[in-house]
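Written below as structure tokens is the structure these notes are about.
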Amino acid sequence: MFVCSCFGVTEAQVQQHADNGACTPRQVASACKAGTDCGSCVRRIQAILGRGAHPRRDLADRGGPVLAELAELDEAA
């Protein structure tokens with residue numbers, strides 16, 4: 001099922017970004033642009049992100065990198 005019609009992003013894709021560490025709609029938007037056009041899907045994205053536990057949310061609360069790509073960049077530096 002499509003979550004973001006503007007960019008053709010599915011619920012499974014949003015869930016994959018969440019599994020990779022995205023904790024907020026802004027982080028999902030950075031990964032796939034969902035929610036950056038008309039914005040009507042942001043609440044749906046929030047609902048998907050709210051399902052289950054996201055262990056990296058603690059990192060976000062402390063200001064650390066939560067997306068796998070950012071963590072890899074920090075490690076390489």
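Please treat every number below as a calculation from the coordinates, not as lab data. Please read all numbers here as calculations on a predicted model, not as lab measurements. Cβ sites come from the backbone with ideal geometry, for glycine too, and all protein chains shown count toward neighbours.
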In the stretch 1-20, which residues have a backbone nitrogen under 17 Å from the label point lying 7 Å from C38's Cα in the Cα-to-Cβ direction? 1-11
Name the long-range amide H neighbours of V3: under 5 Å, sequence gap of 5 or more, or other chain; modelled H, no Pro or chain starts. V9, T10, E11
